[in-house]
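So the structure is just underneath, and the comments pick up after that.
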Amino acid sequence: QVDLVESGGGSVQAGGSLTLSCAASGNIFEFNDMAWSRQAPGYERELIASINVGGRVTYADSVKDRFTISRDPAANTVYLRMDSLKPEDTATYFCRGRILSRSVWGQGTQVTVFS
């Protein structure tokens, strides 16, 4: 089984940027798709960005035009570049890989955006 480890979280002022990394212990193309989700206190976990094996990307309306998901197959890593961050983006961010109905999740990384 491929393991996923997120990194890159931290605290940033509103309007700033962060890039999260999701490092896989194996070939990321073993997954049908990979995605980033987030969960803030009092909110349901939200799928915010995904990329499939063909490179097609999708975004939630809440992050569209501000966040960018990308991958580096040579490094077996998926990234989430977050620009124009807002306090409402504060959450724990999780990386997920899916093979058919099975999902593998990372441990999460905290992002805090202050005004």
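The values are calculated or read from the model by the stated rules, or taken from the named source; none is laboratory data. Bear in mind the structure is a predicted one, so any value in this text is a computation, not a measurement. Note that we place each Cβ from the backbone using ideal geometry, even for glycine, and neighbour counts take in every protein chain shown. To get the accessible areas, we keep the full protein, side chains included, count just its heavy atoms, and leave off ligands, DNA and RNA. Shrake-Rupley method; radii C 1.70, N 1.55, O 1.52, S 1.80 Å.
Restricting to the stretch 55-80, name every residue that is among the charged types (D, E, K, R) and at positive phi.
Correct list: 65 only.
Here is a check on your reading of the model: is residue 56 over 15 Å from residue 75 (Cα atoms) and either open to solvent by less than 50 Å² (accessible area, probe 1.4 Å) or in contact with a Phe, Trp or Tyr (Cβ under 9 Å, 6 or more places away or on another chain) (or both)?
Taking the combined requirement at face value, the residue does not satisfy it.
Which members of the stretch 76-101 meet the condition of being acidic (Asp, Glu) and either under 10 Å from the mean Cα position of the chain (by Cα) or within 11 Å of residue 113 (Cα to Cα) (or both)?
88, 89, listed by residue number.
Can you give me the number of residues within the stretch 66-75 that are under 11 Å from the mean Cα position of the chain (by Cα) and hydrophobic (A, V, I, L, M, F, W, C)?
Matching residues across the stretch 66-75 total 2.
Tell me, please, whether a residue that is surrounded by 14 or more Cβ atoms within 10 Å (Cβ to Cβ) and not in a strand (DSSP E or B) can be found in the stretch 94-101.
Looking for residues that are surrounded by 14 or more Cβ atoms within 10 Å (Cβ to Cβ) and not in a strand (DSSP E or B), one finds none in the stretch 94-101, hence no.
Looking only at the stretch 6-23, filter to residues that are among the hydroxyl-bearing types (Ser, Thr, Tyr) and more than 13 Å from residue 83 (Cα to Cα); which one of those is farthest from the chain's Cα centre (by Cα)?
Going through the qualifying residues, I end up with 11.
Of the conditions (1) among the aliphatic types (A, V, I, L, M); (2) more than 11 Å from the chain's Cα centre (by Cα); (3) open to solvent by 70 Å² or more (accessible area, probe 1.4 Å), residue 104 fails just one. Which one is it?
Going through the list (1) among the aliphatic types (A, V, I, L, M); (2) more than 11 Å from the chain's Cα centre (by Cα); (3) open to solvent by 70 Å² or more (accessible area, probe 1.4 Å), residue 104 breaks only (3).
I'd like the full set of residues that are in contact with a helix residue (DSSP H, G or I) (Cβ under 9 Å, 6 or more places away or on another chain) and either under 15 Å from residue 8 (Cα atoms) or open to solvent by less than 20 Å² (accessible area, probe 1.4 Å) (or both), limited to the stretch 59-70.
63, 67
Working only within the stretch 71-93, note down all residues that are in a strand (DSSP E or B) and open to solvent by less than 50 Å² (accessible area, probe 1.4 Å).
If the condition is that a residue be in a strand (DSSP E or B) and open to solvent by less than 50 Å² (accessible area, probe 1.4 Å), then 77, 78, 80, 82, 91, 92, 93 are the ones that fit.
Just one of the numbered conditions (1) in a strand (DSSP E or B); (2) free of Cβ contacts under 8 Å to residues at least 24 places away in the same chain; (3) under 18 Å from residue 106 (Cα atoms); (4) not aromatic (Phe, Trp, Tyr) is not true of residue 58; which one?
Failed condition: (3).
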